[in-house]
Amino acid sequence: MSDMKTPFELMMQQAHEMARAFNPALESFSPREFEKLWPTMPKDFMEFWFGRGLSKDGLDSKTRLLLTLAGLTMQGAQADTAVRMTVRHALEAGATRDEVAETIAQMSVFAGIPAMTRAMELAREVMEDNKDDAS
């Protein structure tokens, strides 16, 4: 068998070499650690911007964030950072761990078991990080 690399492998190797040339610190960059730099918005702030700030009869921020989580799961839970941050903010907005899990589980009917499993793994990471918080 030959040691030929696929075009994708060659592209990734070139990108890695470019990153190392531009900034050697990028070799150890972790998007997961980068997320920790973004603070969780307080619930009142989320209500103002994403909840009932414009319409008193509209959806609250918790519901909006659970709907966002459902949509991200429907897309296959491919955006790790978006899923984790949405779960984190949903918990801050008052969602329980069970509500987060039910939202993701409901999407298994429409998005499939692999998407649900991936979203659940990402949500579990967030919940483990916040295990001291009340559910």
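Under the 0.36 nm per residue contour assumption, what length would be gained going from the current alpha-carbon distance of F48 and A82 to full extension?
Between F48 and A82, full extension yields an extra 10.2 nm.
Computed from the C-beta positions of T40 and A15 and an R0 of 41 Å, the FRET efficiency is 0.85 to the nearest 0.05.
Here the residues T86, T81, ranked from fewest to most Cβ neighbours within 10 Å of their Cβ, fall in the order T81, T86. With R₀ fixed at 41 Å, the C-beta to C-beta distance from L59 to M4 puts the FRET efficiency at about 0.15. The stretch between A25 and M74 holds 14.2 nm of extra length on full extension. This uses 0.36 nm per residue minus the Cα-Cα distance. Residues S108, S61, arranged from fewest to most other Cβ atoms within 10 angstrom of their Cβ, appear as S108, S61.
Laboratory data are not the source of any read-out in this text; all were calculated from the coordinates shown. Because the structure is a prediction, the values reported are computed rather than measured. A quick note on method: Cβ atoms are made from the backbone with ideal geometry, for glycine too, and the neighbour counts reach across all protein chains shown.
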